[in-house]
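Below: the structure, in structure tokens.
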Amino acid sequence: MEMNEKIAMIKAATGEVKADLVLKNASYVNVYTEELLQGDIAIAQGRVVGIGDYDGEAVLDMTGKIVCPGFIDAHIHLESSLVAPAEFVKAVVPHGTTTVIADPHEIANVMGTDGIEYMLQATEGLPVDVKLMMPSCVPATPLDESGAVLTVADIEPFYDRPNVMGLAEMMNAYGVTHTDKDVLAKLVAAQAHNRPIDGHAPGLTGKALNAYVAAGIYSDHECSELDEAMEKIRLGQYIQIREGTAARNLEALAPLIQRGYENRTMFCTDDKHPNDLLEKGHIDYIIKEAIHKYGVDPIIAVKTAGHTAARYFKMTDRGAIAPGYLADMVIIDNFDDFNIEKVLKCGKVVYDAGCVSPVKVPEIAAALEHKALHTFHMAPISKDDLMSEEALGCIGVLPGSIVTKDMGMREAIDLKEDVLKIAVIERHKNTGHIGLGYLQGYGLKQGAVATSISHDSHNIIVVGCSEEDMVFAVNRLLENQGGIVVVNQGQVTGEIMLEIAGLMSNRSLEEINECLEQAKEVAYSQGVNEGVDPFMSLSFMSLPVIPEIKLTTKGIVKVQ
């Protein structure tokens, strides 16, 4: 902050000059004393300068309203929204989100450091602060064929960037506990820069968990059971309570904030798909669920939605309404209904009575934009590429889960037994590698489904009732430079074009959601089982860090 700005703030705080804006007669959440207090909130130079009796150049009467600190999503992959960051921001501003901590893990698996740079440029100057954590596991395992391999030498220079916070979810818990030097080098570098390191260690317990925490990993968003979360809290970890689209853990973990552990917990969504954002909301949805469904004190819920994350990520300028803090605030009608009426970012109204202020789309360097729109480096495939004379492993789909079951070996497609062919095609470096297998429990009776969203390497994954339709679907994705496609008998029956790295679109969230829901309807009409998400479930069939059996470009993998 410049000296003149500091002086202007102090003069407004003392009352020597009028504040830029005053929220008059406010009832506000004090996260320090966990009280609902009264007073005028004075704002100058984008920050709160005082609370008490103030006059302002502009005044908003808060009589009968409640003012909360802006909400923070402690861990999210923006790519999961399927739209560019500016479109994501338009969607979450009305829900009171003023800061998100994003892991650009997905686009980094496609574009490497160019993907990180793309996200830094694409989030610059938006009315929601997007802070990035550096991807720790690109690729997720040596079994994956990603578009890049990120070493500590690739990651470390980014710590000098102002919007880079630390090291993102360390999924390679085995590498940590078994002292893999490449893994540990990333931890050492983050600690040398005094940056937080996020965890990702579902089920880790006992001495292995002790070792993981001792290595410097002080958070986890993968807890699905209360006992697991308590063990991690007792060892000093913060728990990011996740309530997203693919995984929902609030029900299991709500007792943490009911029992007074709000200083060790925060809210996150991890993955938030278009329909979920449009119909349910964002962090405000988690707050309302915590209050209304699980009986959490409203002030504690609001505190969990921002203050703890701000402290953990060393963002000392947000997460509270107090002098010197950014004027990031959410104005609601009451705790019972929790309707958001206004949102302020740095003292400017960015949402008011159903209207989002215009969002300027950041400019991206032309060369980088070109790379992001041309990430498919492969030749079209033919039926012969999908044929095998040998029996192949069969993956069993479990409804509502990304965990799979080993169904043994199969030799051919058998629609009566719900056995389909599945393939993963390398698309980053034109290696020609194609992994083949069979899939049971997906339910498709006609055609094929293909997507370039396949965690975490984001190669093309396709499942079908015939090799001919599978080939058509894959080549259609190649033509579109990414997305999702449903086909039948050589015809496209539904599709979503995701031209940015094969993961996101420049179109509006509403447009993408409409295409997505239409494609889902088509997929279900072609037989996909109702308990299976046609695209999300398929996208995880290639992730070899989730048991019990998966498919990569190198073939079937048995996951221990």
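The values are calculated or read from the model by the stated rules, or taken from the named source; none is laboratory data. The model shown is predicted, which means the values in this text are computed figures rather than measured ones. Every residue, glycine among them, receives a Cβ derived from its backbone with ideal geometry; neighbour counts consider all protein chains shown. Calculation scope for accessible area: heavy atoms of the full protein, side chains included, ligands and nucleic acids excluded. Shrake-Rupley method; radii C 1.70, N 1.55, O 1.52, S 1.80 Å.
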Can you flag which of Lys207/Lys550; Lys232/Lys345; Lys421/Lys520; Lys371/Lys429; Lys421/Lys550; Lys181/Lys207 are past 23 Å Cα-Cα? Lys207/Lys550; Lys232/Lys345
Arg476 neighbourhood, Cβ < 14 Å, K/R = +1, D/E = -1, net charge -4
Under Karplus coefficients 6.51, -1.76 and 1.60, residue-wise ³J(HN,Hα) of the stretch 42-51 in Hz, glycine/proline x: 9, 10, 8, 6, x, 10, 5, 10, x, 10
The answer for His273, listing residues at least 5 apart or on another chain whose modeled amide H is closer than 5 Å to its amide H, is Thr245
Sorted by packing (mean other beta-carbon atoms within 10 Å per residue), highest first, where do 309-322, 469-482 land? 469-482, 309-322
Classify the stretch 324-448 as rounded, prolate or oblate, taking a ≥ b ≥ c as the square roots of the eigenvalues of its Cα gyration tensor: rounded when a/c is under 1.5, otherwise prolate if a/b is larger than b/c and oblate if not. oblate
Two-site label geometry, Asp337 and Ala185: point separation in nm, points 7 Å out along Cα→Cβ: 5.8
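Please state the charge dipole magnitude for the stretch 402-560, taken about the Cα centre, from unit charges on C-beta atoms (+1 on K and R, -1 on D and E), reported in debye and rounded to the nearest 20.
On the way: 13 positive and 21 negative charges, 112 e Å.
That gives the stretch 402-560 a dipole magnitude of about 540 debye.
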Calculate the length of the line joining the C-alpha centroid of the stretch 47-80 to that of the stretch 137-172, in whole Å. 34
Accessible surface of the chain, 1.4 Å probe, proportion on carbon and sulfur as whole %: 49
Is it possible to state the helix-based mean residue ellipticity at 222 nm for the chain, with each DSSP H run of 4+ residues giving -39500 (n - 2.57), the sum divided by total residues, to the nearest 500 deg cm²/dmol? What is it? -7500 deg cm²/dmol
Bridge type composition, the chain - antiparallel percent by DSSP, nearest 5: 70
Please give the per residue accessible area of the chain, computed with a probe of 1.4 Å over protein heavy atoms only, in Å². 38
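Report the full-extension gain for the segment Leu226 to Glu2: residue separation times 0.36 nm, less the Cα-Cα distance, to one decimal in nm.
Details: separation 224, 0.36 × 224 = 80.64 nm, distance 4.68 nm.
Full extension of this stretch gives 76.0 nm more.
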Find out how many positive minus negative residues lie around Ala365, taking Lys and Arg as positive, Asp and Glu as negative, among other residues whose Cβ is under 13 Å from that of Ala365. -4
Which semi-axes, in whole Å and largest first, does the equivalent ellipsoid of the chain have when worked out from the alpha carbon gyration tensor as the square roots of 5 times its eigenvalues? 43, 24, 22
Grab the other residues whose beta carbon is less than 13 angstrom from that of Cys346, score K and R as +1, D and E as -1, and report the net. -1
Where a ≥ b ≥ c are root eigenvalues of the Cα gyration tensor, a/c under 1.5 meaning rounded, otherwise prolate if a/b exceeds b/c and oblate otherwise, the stretch 422-560 counts as rounded
Gap separating the Cα centres of the stretch 318-391 and the stretch 507-560, nearest whole Å: 22
Any residue on another chain or 5+ positions along whose placed amide H is under 5 Å from the amide H of Ala44 is listed here as Asp20, Val49
Quick one: Karplus J couplings for the stretch 415-426, per residue in order, coefficients 6.51, -1.76, 1.60, θ = phi - 60°, nearest Hz, x for Gly and Pro? 5, 5, 9, 6, 10, 10, 8, 10, 9, 10, 10, 5
The FRET efficiency for Thr14 and Met387, from their Cβ-Cβ distance with R0 = 56 Å and rounded to 0.05, is 0.10
Estimated vicinal HN-Hα couplings, Hz - the stretch 547-553 in sequence order (Karplus 6.51, -1.76, 1.60; Gly, Pro = x): x, 10, 8, 9, 10, 10, 5
Interchain or sequence-distant (5+) residues whose placed amide H lies within less than 5 Å of the amide H of Val59 are Val22
